[in-house]
1. Kindly provide the set of residues from the stretch 45-58 that are within 13 Å of the ligand (Cβ to nearest atom) and in contact with a Phe, Trp or Tyr (Cβ under 9 Å, 6 or more places away or on another chain), ordered by number.
2. Could you count how many residues in the stretch 87-106 are acidic (Asp, Glu) and more than 16 Å from the ligand (Cβ to nearest atom)?
3. Only residues that are within 8 Å of the ligand (Cβ to nearest atom), touching a helix residue (DSSP H, G or I) at 6+ places or on another chain (Cβ under 9 Å) and among the charged types (D, E, K, R): list them for the stretch 186-222, please.
4. Please state which of the following conditions ASP42 fails to meet, knowing it meets all the rest: (1) over 27 Å from TYR5 (Cα atoms); (2) touching a residue at least 24 places away in the same chain (Cβ under 8 Å); (3) within 16 Å of the ligand (Cβ to nearest atom).
5. Of all residues in the stretch 135-180, which are β-branched (Val, Ile, Thr), buried (at least 21 other Cβ atoms within 10 Å of the Cβ) and outside any helix (DSSP H, G or I)?
6. Taking SER67 and the conditions (1) within 15 Å of the ligand (Cβ to nearest atom); (2) touching a residue at least 24 places away in the same chain (Cβ under 8 Å); (3) among the hydroxyl-bearing types (Ser, Thr, Tyr), which numbered condition does it fall short on, given that it satisfies the others?
7. Which residues, counting only those in the stretch 111-134, are farther than 19 Å from ASN65 by Cβ and either of a type in the set (Phe, Trp, Tyr) or not in a helix (DSSP H, G or I) (or both)?
8. So which residues in the stretch 84-99 are of a type in the set (Lys, Arg) and in a loop (DSSP other than H, G, I, E, B), if there are any at all?
Amino acid sequence: MNEYYKDKVAIVTGGTDGIGRALVNALLTLGAKVATCGRNHDKLYELQAQHPSRPLHTLVADVTNESDCKRFIDSTIAVFGKIDILINNAGISMRGLFRDLELDVIKQVMNVNFFGAVYCTKFALTSLIENKGTIVGISSIAGYRGLPGRTGYSSSKFALQGFLESLKTELKDDGVHVMWVSPGFTSSRIRDNALNDKGERQKENPMDEDKMMSAEACARHLLNAVMKKKRTLVLTLTGKETVFINKFFPGLADKLVHKFYFKNKELIK
Ligand SMILES: NC(=O)c1ccc[n+]([C@@H]2O[C@H](COP(=O)([O-])OP(=O)(O)OC[C@H]3O[C@@H](n4cnc5c(N)ncnc54)[C@H](OP(=O)(O)O)[C@@H]3O)[C@@H](O)[C@H]2O)c1
């Protein structure tokens with residue numbers, strides 16, 4: 001239990017895997033009432049079964065669908081009476097050079113990572129203002145620094161940060177806390193689920209997930225930052241270095257990022 005989170009109503013979109021699932025588990029342990037959604041019924045059922053006696057509301061909802069988002073937010077208010085915290089977490093990634101990319105890949109990624117957050121925020125906003133709540137967007141280091149082979153992903157995260165910064169300024173006198181969090185590499189399913197240049201699930205993962213921050217550690221840092229009402233949070237040493245170098249030495253960042261993502265002139269997928 002935690003005095004700050006006890007009985008707060010928290011929404012986490014995409015809570016069935018990775019960082020979202022770690023957030024749901026941590027919030028329930030801290031005493032919050034939690035609502036989450038995802039597209040897969042079985043994974044939601046399994047999550048519910050893991051917490052039989054805890055206040056967890058789940059609904060099958062695809063955040064790319066405006067009416068699914070409305071149903072999810074409205075049902076959360078119907079079940080728990082209000083919303084204190086909205087964490088826009090649901091996200092997908094992509095890998096492929098822009099020259100080879102089906103344009104639909106960029107649309108799919110924008111629809112989940114950007115419009116999904118816009119829809120949920122829109123429908124939750126009245127309750128969040130009434131409760132002087134918190135809106136969080138899970139961005140990425142790719143939201144500070146464009147990454148090769150990830151044009152759609154970086155675009156979606158830059159858009160998300162621009163949206164949240166605008167909203168933060170609009171809500172300055174309403175007492176609503178708005179923040180965006182940029183995890184570095186975090187162990188999860190995101191790289192297996194990434195879309196390839198044809199829009200199919202990539203299924204292969206070129207990276208060693210064991211060397212990454214755990215989803216649980218990422219969730220812990222995030223919930224701590226929400227409690228402290230931080231403006232932004234950038235995670236992992238590599239993540240912090242990338243954001244710093246890109247801000248002050250963008251030419252050097254171009255070289256380092258290119259070197260990291262290409263081997264023998266081929267994109268590392
Ligand atoms: N892991 C990293 O290294 C990393 C780094 C920086 C930022 N991030 C960001 O962190 C967030 C979470 O990623 P993760 O790494 O935890 O990924 P993950 O393990 O693939 O989990 C993604 C979650 O989002 C849900 N989801 C995906 N598309 C959805 C949709 N259209 N509607 C509703 N739910 C949807 C998935 O559930 P269903 O499949 O059942 O729908 C799943 O629960 C994302 O925004 C990602 O961009 C991750």
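The values are calculated or read from the model by the stated rules, or taken from the named source; none is laboratory data. Because the structure is a prediction, the values reported are computed rather than measured. Here Cβ is always computed from backbone atoms with ideal geometry, including for glycine, and neighbour counts include all displayed protein chains.
1. Keep residues of the stretch 45-58 that are within 13 Å of the ligand (Cβ to nearest atom), which gives 45-47, 58.
Of everything in the stretch 45-58, just one residue is within 13 Å of the ligand (Cβ to nearest atom) and in contact with a Phe, Trp or Tyr (Cβ under 9 Å, 6 or more places away or on another chain), namely THR58.
2. Filtering the stretch 87-106 down to residues acidic (Asp, Glu) leaves 100, 102, 104.
Now drop any that are not more than 16 Å from the ligand (Cβ to nearest atom), which leaves 100, 102.
Number of matching residues: 2.
3. The answer is ARG189, ARG191.
4. Exception for ASP42: condition (2).
5. Taking the stretch 135-180 and keeping what is β-branched (Val, Ile, Thr), we get 135-136, 138, 141, 151, 169, 176, 178.
Add one more test, that the residue is buried (at least 21 other Cβ atoms within 10 Å of the Cβ), and what stays is 135-136, 138, 141, 178.
Of everything in the stretch 135-180, those that are β-branched (Val, Ile, Thr), buried (at least 21 other Cβ atoms within 10 Å of the Cβ) and outside any helix (DSSP H, G or I) turn out to be ILE135, VAL136, ILE138, VAL178.
6. (2)
7. Narrowing the stretch 111-134 to residues farther than 19 Å from ASN65 by Cβ: 126-134.
Once the filter is applied, which keeps residues that are farther than 19 Å from ASN65 by Cβ and either of a type in the set (Phe, Trp, Tyr) or not in a helix (DSSP H, G or I) (or both), the stretch 111-134 yields ASN131, LYS132, GLY133, THR134.
8. First, pick out the residues of the stretch 84-99 that are of a type in the set (Lys, Arg): 95, 99.
Answer for the stretch 84-99, where residues must be of a type in the set (Lys, Arg) and in a loop (DSSP other than H, G, I, E, B): just ARG95.
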